[in-house]
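The values are calculated or read from the model by the stated rules, or taken from the named source; none is laboratory data. All figures in this text were calculated on a predicted structure; none of them were measured in a lab. Note that we place each Cβ from the backbone using ideal geometry, even for glycine, and neighbour counts take in every protein chain shown. When the accessible area is computed, the model is the full protein with side chains, heavy atoms only, and any ligands, DNA or RNA have been set aside. Shrake-Rupley method; radii C 1.70, N 1.55, O 1.52, S 1.80 Å.
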Amino acid sequence: MPDSLPQTLYATFAAKIDAALGALEMEGALPPGSDRASVSVEPPRDPAHGDLSTNAAMVLAREAKTNPRALAEKIVAKLEGDPLVSSAEIVGPGFINLRLSDANWLHELSAIERLGGDYGRSARGHDRRVNIEYVSANPTGPMHMGHCRGAVVGDALAALLEFAGHQVVREYYVNDAGSQVQTLARSVHLRYREALGEAVGAIPEGLYPGDYLVPVGQALAAEFGGRYAAAPEGEWLDLFRERAVAAMMAMIRSDLALLGIVHNVFASEAELQRAGKPEAAEAWLREHDLVYDGVLEAPKGKTLEDWEAVELPLFRSTSFGDDQDRPIRKSDGSWTYFGADLAYHMQKAEGVDAMIDIWGADHAGTVKRIKAAVAALGEGGGQNGRGPIPFDVKLVQMVQLLRDGEPVKMSKRSGSFVTLADVVEEVGKDVVRFTMLTRKPEAQMEFDFAKVVEASKDNPVFYVQYAHARIRSTLRKAGAEGLGPDAGALDRLGADELALVKLAAQFPRAVEAAAEAREPHRIAFYLYDLAAGFHAFWNMGNDDPAKRIIRLEEPALTGARLFLAERVAQVIRNGLGILGVQAVEEL
RNA sequence: GCGCCCGUAGCUCAGCUGGAUAGAGCACCAGACUACGAAUCUGGGGGCCGGAGGUUCGAAUCCUUCCGGGCGCACCA
């Protein structure tokens, strides 16, 4: 992505204010090198306060050894000569409120047209490579709704960071080495015997009972006949595990595809172990005295009768903020989940500048140790000589499924969970994705089937899509009358239209803020606001026909309004694109 | 017992990394449809931002502590 993307209006003015502060430093009104990190330039909450507001005078007054209003006077003096500024005033404790000339806003409208699908795209990420690991569900069955939120949030975050100028790797960690996939292999073996005609009866406790394993067993029966039916486990376990995992991953990929999610990398834990990555990590950590052989304390607050003290290789996670040192190997010498995961993060860190993991809240307890591990791997320049790299774990809270207000029962044991595929089929991909993004991820949420499919303004997905469809419909209708968008008479637009322009012009800022905070849900809320702004504009035409977009008797004004409407639709498309939701032509 | 997350209008939730008089939808009350798409809109009432301290020009936002809810606390994954 080019660095030469045109600056947004907000960035332009942030630069102007920065320049004004620089000039004041030169003049000695401000101490040189003053800290401008907390200087903000943003639209005020109340539009009556102008188009832009900065707190610069309040933040810097102390350093300048003066009071905020006096400093504000000096800053305003620098800005007043600017032709793009129509007014600058000092209010309250020292805010500087700017009003921009109408030409600025109309210019922004043209910028949206010129940039089209790239409007809002930013170079702020500086092409930094970011690895986002999300979903990473165990390959033991189809995707269910428990996985859904993390999948959507991770995918939207990936798109958001890409839009904000990062190179993104979408990664899925396949846990194909632990005991769960052995259980899977045994479950498949049972289905295999069943496919050969054996009466297997009820699926025993401890094995996976789901019907989705039946075709896997049938395929193995077709391929190998009765060869492994009575064979000892050692002869078939690895083979069945590999086949079963492959089948599960194929199923998971197709489930994810229903949501429009495609990962770039599927990293296998088994391969990681075959390649000796955990050993390499352990050796390096031992060299740096970050792994030692020790004995764990008995867990507190839990009564474990069969607790016995055993010496294990422990990682010094307490040195990095964890509550307890964590074993990387079990007493039989095999790797713990954490030991392998530590090596996995070391591997991921090799090719990127930052890492983000999206986890379910039920794994919250293991965040500290993995953060400790990544920090440790950067010790003293680090394993790869690049020091610690920024690493963030985002937790998404559980989703409570409701049907008409009643909780939907899910039991993993009986295999009766609500699959993602069923839900997508019932309510649609766009509804699932948007709904998952209308709440901040760390808050618990409810997902009520009855409510999310409702086609009314109570449903944000619908409300946003309706705005887009309405605009497209209006453009079609105008086209039938021989009218179309025309930038020739934009000066005919009045205050009501400008308010809408200002809303649309905030999109680039919304993208940057959301990317900075790594919170894709902010885009969903921004789109809701923009849609609301458009609907409000539209409704003025109900009471006053002079405010309708299409005015056959005023073709020039109609052209300008259609031009505005088309730009609003463009911004909605760009925003929905980040969220992976389709912008529909009609409902 | 310990750790993490959450607590904002009656309900569901925002609140732009500390800014100005805390917002939106639902619900409630009063109005508006021979329609550029009423699948909606306009106006109104409704708040100790869980409580109490602290930090500073300024706190829903940051710190401490308590209360309430959720998740977790294996050599599991």
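For region A:82-101, name all the residues that are out of contact with any strand residue (DSSP E or B) (no Cβ under 8 Å at 6 or more places or on another chain) and open to solvent by 70 Å² or more (accessible area, probe 1.4 Å). Answer for region A:82-101, where residues must be out of contact with any strand residue (DSSP E or B) (no Cβ under 8 Å at 6 or more places or on another chain) and open to solvent by 70 Å² or more (accessible area, probe 1.4 Å): A:Pro83, A:Pro93.
Selection of region A:498-518 for residues being among the charged types (D, E, K, R), part of a helix (DSSP H, G or I) and within 12 Å of RNA strand B (Cβ to nearest atom) yields A:Arg509, A:Glu512, A:Glu516. Of all residues assigned to region A:520-540, none qualifies as being over 16 Å from A:Leu157 (Cα atoms) and either part of a loop (DSSP other than H, G, I, E, B) or in the same structural domain as A:Pro47 (by TED's automatic domain parsing) (or both). Of A:Ala195, A:Ala177, A:Ala103, all but one fail to be in contact (Cβ under 8 Å) with a residue 40 or more places away in the chain and of a type in the set (Gly, Ala, Ser); the exception is A:Ala177.
All of A:Glu73, A:Glu80, A:Glu63, A:Glu42 fail the test of being under 29 Å from A:Ala103 (Cα atoms), within 12 Å of RNA strand B (Cβ to nearest atom) and not assigned by TED's automatic domain parsing to the domain that holds A:Leu500, apart from A:Glu42. If I filter region A:110-121 for residues that are among the aromatic types (Phe, Trp, Tyr) and within 21 Å of A:Leu503 (Cα to Cα), do I get at least one hit? The answer is yes, given that some residue of region A:110-121 is among the aromatic types (Phe, Trp, Tyr) and within 21 Å of A:Leu503 (Cα to Cα).
Within the set A:Arg149, A:Arg129, A:Arg191, the sole residue that is basic (Lys, Arg) and open to solvent by 30 Å² or more (accessible area, probe 1.4 Å) turns out to be A:Arg129. In region A:388-443, of all residues being open to solvent by less than 80 Å² (accessible area, probe 1.4 Å), at pLDDT below 80 and of a type outside the set (A, V, I, L, M), the one that is nearest to A:Leu527 (Cα to Cα) corresponds to A:Gly405. Does A:Leu239 satisfy the criteria of being under 30 Å from A:Leu342 (Cα atoms) and hydrophobic (A, V, I, L, M, F, W, C)? Yes: the conditions hold for A:Leu239. Of all residues in region A:351-388, those that are in contact with a strand residue (DSSP E or B) (Cβ under 6 Å, 6 or more places away or on another chain) and among the aliphatic types (A, V, I, L, M) total 9.
For region A:171-184, which residues satisfy the criterion of being farther than 14 Å from A:Tyr337 by Cα and surrounded by fewer than 21 Cβ atoms within 10 Å (Cβ to Cβ)? Passing the criteria: A:Gln182, A:Thr183. Restricted to region A:469-478, and to residues there that are closer than 23 Å to A:Leu106 by Cα and open to solvent by 30 Å² or more (accessible area, probe 1.4 Å), the residue that is nearest to RNA strand B (Cβ to nearest atom) is A:Arg470.
Reported count of residues in region A:215-240, each being open to solvent by 40 Å² or more (accessible area, probe 1.4 Å) and under 25 Å from A:Phe417 (Cβ atoms), is 3.
Look through region A:27-67, keep the residues that are within 29 Å of the chain's Cα centre (by Cα) and among the hydrophobic types (A, V, I, L, M, F, W, C), and return whichever of them is surrounded by the fewest Cβ atoms within 10 Å (Cβ to Cβ). Top of the filtered list is A:Ala37. Residues in region A:381-390: is at least one of a type outside the set (Phe, Trp, Tyr), near RNA strand B (Cβ under 9 Å from one of its atoms) and within 22 Å of A:Lys277 (Cα to Cα)? No, there is no match, as no residue in region A:381-390 is of a type outside the set (Phe, Trp, Tyr), near RNA strand B (Cβ under 9 Å from one of its atoms) and within 22 Å of A:Lys277 (Cα to Cα).
Looking only at region A:444-455, filter to residues that are modelled with pLDDT of 80 or more, in contact with a Lys or Arg (Cβ under 9 Å, 6 or more places away or on another chain) and more than 22 Å from A:Glu519 (Cα to Cα); which one of those is nearest to RNA strand B (Cβ to nearest atom)? Among those residues, the one meeting the criterion is A:Asp448.
Yes or no: region A:559-570 includes at least one residue that is within 12 Å of RNA strand B (Cβ to nearest atom) and basic (Lys, Arg). For region A:559-570, residues within 12 Å of RNA strand B (Cβ to nearest atom) and basic (Lys, Arg): present. Checked against (1) without any contact (Cβ under 8 Å) to a residue 40 or more places away in the chain; (2) more than 8 Å from RNA strand B (Cβ to nearest atom); (3) within 30 Å of the chain's Cα centre (by Cα), A:Gly575 meets all criteria but (1). Restricted to region A:268-278, and to residues there that are open to solvent by 50 Å² or more (accessible area, probe 1.4 Å) and without any contact (Cβ under 8 Å) to a residue 12 or more places away in the chain, the residue that is nearest to the chain's Cα centre (by Cα) is A:Glu271.
In the condition set (1) open to solvent by less than 20 Å² (accessible area, probe 1.4 Å); (2) modelled with pLDDT under 95, A:Asp323 is compliant with all but (1).
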